[in-house]
Amino acid sequence: INVNKVDISLLHPDNNQMIFHKNAENKPPVFVDEIPELSVLVRQQPNPRVFYRSDGAVSEELLGLLGHDILMLTLLPLVVDKRVLGVIFISDTIIHDFSDGEWRLMEMSANQIATQLYKTQEYHRTQEALQRRMQQLTMIESITQQISSALDLEQIMENLLDAVLKSTQADVAAFGLVSENNTLDVIALESLEGEWVNTHIERKIIGIMGRVVRTGKMMVIPDNRAEEHYLGDLAVHKYSSSLVIPLVKDNSIIGVLDVESKKLDFFKDEQIELVKNLVGHAV
């Protein structure tokens with residue numbers, strides 16, 4: 001079709017940014033929510049849309065994206081299974097109506113591009129998952145050897161914390177062992193300004209760690225602010241989400257592992273299973 005310019009942008013899966021590629025020289029990423037028309041396209045109505053500079057309903061944010069010489073902008077979403085993967089931006093310095101044949105060609109092209117893009121992304125996700133799994137298995141083997149050769153309890157605890165933080169990319173981990181006087185002997189490892197800081201304290205069996213010790217049930221907390229038992233007193237900073245796993249030996253709770261992240265809803269199934277595996281070796 002006879003148009004002035006075509007750009008393609010892909011939607012980043014994590015941070016809600018549109019990242020421009022073809023023909024978009026030095027165009028910075030755009031947050032979807034910063035442009036109302038893009039937000040509606042991605043979240044509510046993934047259908048082709050046409051916008052005109054002369055239209056008073058066009059937002060200032062979209063006008064800034066159009067460019068000074070562009071009078072007409074067509075947005076073609078790249079959609080697979082009702083999920084928007086990106087957008088094709090077709091811009092022009094003149095105003096004209098697309099024929100039915102041109103619309104069919106554009107929509108057919110967008111569908112084919114979206115399908116191929118989805119296949120490519122899935123391939124890379126599968127390869128990355130396999131690579132992560134191999135790294136995890138190597139790490140489990142390594143930590144098992146370290147634990148088996150450890151000469152004292154504190155060394156086992158420190159090895160476990162180090163492995164958990166490296167494998168999950170979390171920000172703080174604390175290992176609490178139930179002592180004879182019914183307290184928790186806790187070692188915590190926290191990332192502070194790029195350095196790992198080690199803390200060793202004795203505390204009452206309270207908070208989330210205490211709850212898991214008493215119930216023997218794992219807790220996955222997507223938002224610590226919504227959890228009334230969250231204390232956040234084991235580290236310098238308070239964190240956003242938690243994974244707390246009991247250490248069970250012969251049907252008795254001998255301790256608890258608390259892993260926390262600065263990010264909300266950070267701990268997913270893959271990380272949880274990995275941490276449970278490491279905890280099993282440590283027990």
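Observations, loosely collected:
- Sorted largest first, extent of the range 118-172 alpha carbons per principal axis (Å): 50, 23, 7
- In this entry, the range 163-283 is assigned a mean projected area of 6.9 nm², taken as a quarter of its C-alpha convex hull surface.
- Full extension of the segment from Arg132 to Gln45, taken as 0.36 nm per residue of separation minus the current Cα-Cα distance, would add 27.8 nm.
- With Cα atoms as the point set, the radius of gyration and Dmax of the chain evaluate to 26.1, 82 Å.
- Net charge over other residues, Cβ less than 12 angstrom from the Cβ of Ser240 (K, R count +1; D, E count -1): -1
- Summed residue charge, Cβ within 13 Å of Met108's Cβ, Lys/Arg positive, Asp/Glu negative: -2
- With the simple spin-label model, which puts each label point 7 Å out from Cα in the Cβ direction, the Ile95 to Glu273 separation comes to 5.7 nm.
- Taking every alpha-carbon pair in the range 20-127 and binning the separations at 5 Å intervals from zero gives 2, 11, 20, 23, 21, 14, 5, 2, 1, 0 percent.
- With K and R counted +1 and D and E -1, the other residues having a Cβ less than 9 Å from that of His200 yield a net charge of -3.
- Taking only the alpha carbons of the range 138-221, we obtain Rg and Dmax values of 13.6, 38 Å in that order.
- C-alpha center-to-center spacing [the range 39-90, the range 100-120] in angstrom: 16
Laboratory data are not the source of any read-out in this text; all were calculated from the coordinates shown. Bear in mind the structure is a predicted one, so any value in this text is a computation, not a measurement. Virtual Cβ from ideal backbone geometry, glycine too; neighbours counted across all protein chains shown.
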